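Scroll down for the structure; my scribbles are underneath it.
The values are calculated or read from the model by the stated rules, or taken from the named source; none is laboratory data. From a predicted model like this one, the values you see are computed outputs, not experimental measurements. Positions of Cβ are backbone-derived with ideal geometry, glycine not excepted, and every protein chain shown enters the neighbour counts.
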């Protein structure tokens, strides 16, 4: 059964939700400003290689927030201009609330929300998860550079994807990159760590243990197993399109 939350209850439950995430953590909030406690919890989850997705909108992040996010390897950040929803969820539970992940809101505002779990409200959790994943797919991924600026990165799908430079890679260079990957080994499709090239085992041991908790072959990962380029892959389809065409 869903549990009603006030502002203080939301803050407490959010910290618990972050701490208890083992596989995935979704943070959806138009405004972002991380307090030291939330930063420490997210840094710990980053060390544990949880799959963390943050969707924000309305205003650009402050430089200190950009620099902090840049150093966290497991966090992927997306910008959605019309975002108004506030939702926080891991693989077991979720919070839907009026409260932004913003320190002022947590301390000063009167907020309301509800907390529910996948076990107690499976249909509600399933619908919330589907909508959160839709927002992630819709948003523009943001990369944060050392110069305290962020570059919008178009959403990639199976038909279109951003080129790494202004000059499109030629078919020959794509084939050469794929051949080099065959010589040097493969890449983990979740964390991009160097591993053996094996289409049946495209995850490193740590990431496989996280994946194995739910064993979803269609769960979207981040990198091509063969060339290591950023691309939306899955454990069932671990190659980007150029590498797939080369292999087949």
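Counting only residues that are under 25 Å from residue 109 (Cα atoms), in contact with a helix residue (DSSP H, G or I) (Cβ under 8 Å, 6 or more places away or on another chain) and outside the structural domain of residue 190 (by TED's automatic domain parsing), give me the helices (runs of 4 or more DSSP H) lying completely in the range 1-79 with at least 2 of them.
7-19, 36-47
How many residues, within the range 212-240, are outside any loop (DSSP other than H, G, I, E, B) and buried (at least 21 other Cβ atoms within 10 Å of the Cβ)?
Count: 1.
I want to confirm something. Restricting to the range 109-155 and keeping residues that are surrounded by 15 or more Cβ atoms within 10 Å (Cβ to Cβ) and part of a loop (DSSP other than H, G, I, E, B), which single residue is modelled with the lowest pLDDT?
Among those that are surrounded by 15 or more Cβ atoms within 10 Å (Cβ to Cβ) and part of a loop (DSSP other than H, G, I, E, B), it is 155.
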